[in-house]
1. How far is it, in nm, from the label point at residue 397 to the one at residue 441 when both lie 7 Å from their Cα along the line to the Cβ?
2. Full extension from residue 141 to residue 459: what is 0.36 nm times the residue separation minus their Cα-Cα distance, to one decimal in nm?
3. For a quick check: with amide H placed at 1.01 Å from N, whose amide H comes under 5 Å from residue 151's, ignoring anything fewer than 5 positions away on the same chain?
4. Order 346-356, 169-179 from most to least packed using the mean count of other Cβ atoms within 10 Å.
5. Going by amide H atoms built from the backbone, whose H comes under 5 Å of the H on residue 207, apart from near neighbours?
6. Output the pairs from 197/397; 211/441; 197/441; 190/397; 190/339 with a Cα-Cα distance over 32 Å in this structure; if there are none, say none.
7. Could you work out how far apart the two model spin labels at residue 55 and residue 254 are, taking each label as a point 7 Å from the Cα in the direction of the beta carbon, and quote it in nm?
8. Once amide H atoms are placed 1.01 Å from N in the peptide plane, what residues at a sequence separation of 5 or more from residue 420, or on another chain, have their amide H within under 5 Å of its amide H?
Amino acid sequence: MSWLPKSAMRPVGTDASHTDCILVVGVSRPKLAVVFLTVMLISLFLTFHVLYDSAVYNIQAAQAVHERHRLSLAASASASSSFSSSSSSSSSSAAAAAAASSFAGGTLNANHLPVFVKPVASSNQLSHPMVFPSSRVHFPKTSRRLPQALIIGVRKCGTRALLEMLYLHPRIQKAGGEVHFFDRDENYLKGLDWYRKKMPHSFRGQITIEKSPSYFVSPEVPERVRAMNASIKLLLIVREPVTRAISDYTQLRSHAATAILPLAESSAPGSGYGAKLPTPKSLYAKLHAAHEYDNALGSGAGAKETLTGSRALGAAARRAAIGTTTPTPTPSAAQLAAKSFEELAIFPNGTVNEAYRPLSISMYHMHLHRWLEVFPREQLLVVNGDRLIEDPLSQLKRIEAFLGIEHRVRSEHFYFNETKGFYCLRYDNGDRCLRETKGRKHPHVDPVVVSRLRKFFAEYNQRFYELVGEDLGWPEE
């Protein structure tokens with residue numbers, strides 16, 4: 001760069017310049033100039049890119065904080081509403097629904113916020129670890145991903161409690177409700193894009209989990225799951241079969257419907273203790289006959305509609321048993337709901353009613369066979385639901401190791417609720433328990449009937465132990 005006198009330059013055109021000197025710019029090293037210009041452009045691009053990502057990330061963080069505040073207010077409102085309206089059955093049902101919505105709603109809670117919006121822990125709140133290490137700067141983006149793990153069952157064994165406990169881990173995101181994608185044809189035909197839209201937003205490195213307990217007993221589900229992801233991790237939570245059946249009966253009775261497939265008394269012989277165990281084909285035929293029962297697991301919705309189908313199926317079964325086409329009167333929903341567990345589980349002649357749905361679902365090995373025909377054993381983890389109630393941390397450590405994530409859930413995340421009689425969860429923004437419909441008090445069941453059913457299930461349990469390679473120590477009498 002240099003200044004030259006005007007006399008050194010020959011003017012061009014008629015326009016005369018009044019300047020005495022002219023600025024001349026030249027490049028002595030063109031290659032170096034090109035490199036310098038390239039570096040400047042790249043630096044400028046990266047600067048704008050970082051600013052853009054930072055702005056997007058801050059907007060998402062602000063939305064997450066707002067959602068957390070909204071959920072906290074909703075939880076407080078629903079809790080006070082539930083307490084004040086406990087004497088009214090209709091009001092308590094609405095409160096339970098609101099509590100369930102606030103408990104499961106939202107895609108990000110305080111435990112799942114990015115590091116930049118980590119809430120300040122007060123003296124009575126746990127400072128929860130974040131997803132990303134603080135030593136590095138990240139501008140992650142969220143997206144909806146198909147689940148990498150499924151809780152496939154078993155109904156009334158603690159599937160909801162298990163999902164909420166896993167959600168304490170910052171690497172876990174959960175679907176808000178039971179999607180029933182693989183077991184309902186009308187949903188499955190909508191395709192994987194529809195299923196993905198039902199999943200929560202998650203950060204890179206998080207694991208999305210969905211749970212629908214009816215997956216375990218639906219014959220078509222294992223193949224459908226493998227078609228989506230052959231390496232998916234499967235979680236199966238089980239409880240002592242008779243306890244699970246009584247819990248199932250308790251919920252069904254509360255919904256004023258049962259899932260029994262009525263059979264004539266003449267079809268009962270052969271279902272005693274020494275009788276030959278039903279084949280998987282015959283059992284799945286019974287289960288498929290009342291398939292819609294499984295599609296409404298845990299929701300209570302559709303119970304009355306399901307009962308209508310069960311009546312028709314029950315009438316057909318009775319007509320086939322007596323060799324006539326004369327319609328047989330079917331008990332009303334109120335009559336079925338009024339029956340005791342003993343009446344539904346044991347025939348008058350003393351044999352076990354294998355067709356009673358709460359009992360047939362408890363025959364775990366019959367259903368597990370179908371899953372192990374499709375998936376290798378190492379992709380399925382059996383969770384002891386009885387131990388999850390007594391010592392949740394021990395079971396969660398097994399699951400963390402199974403999923404390949406670090407141990408982040410600790411004893412500080414739990415506290416025992418003396419009123420409810422089970423452990424509740426402690427989040428950064430407060431304490432939460434499962435909704436009131438969970439942990440119902442079981443009715444008294446004749447100990448003789450309990451002993452008889454445990455003897456009936458003894459052989460089934462042994463076969464289940466052989467499949468999973470573990471003796472769960474369930475009582476045999």
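Bear in mind that the values in this text are calculations on the coordinates, not laboratory data. Just so it is clear, the structure is predicted and the values come from calculations on it, not from any experiment. We place every Cβ from the backbone using ideal geometry, glycine too, and count neighbours over all the protein chains shown.
1. It works out to 3.5 nm between the two label points.
2. This chain segment gains 109.3 nm when fully extended.
3. Those qualifying (amide H under 5 Å, at least 5 residues apart or on another chain) are 210, 211, 212, 235.
4. 169-179, 346-356
5. Here 172, 173 satisfy the definition.
6. Numbers: 197/397 30 Å; 211/441 24 Å; 197/441 37 Å; 190/397 36 Å; 190/339 40 Å.
Over 32 Å apart, Cα to Cα: 197/441; 190/397; 190/339.
7. In this crude label model, residue 55 to residue 254 measures out at 5.1 nm.
8. Hits under the 5 Å cutoff: none.
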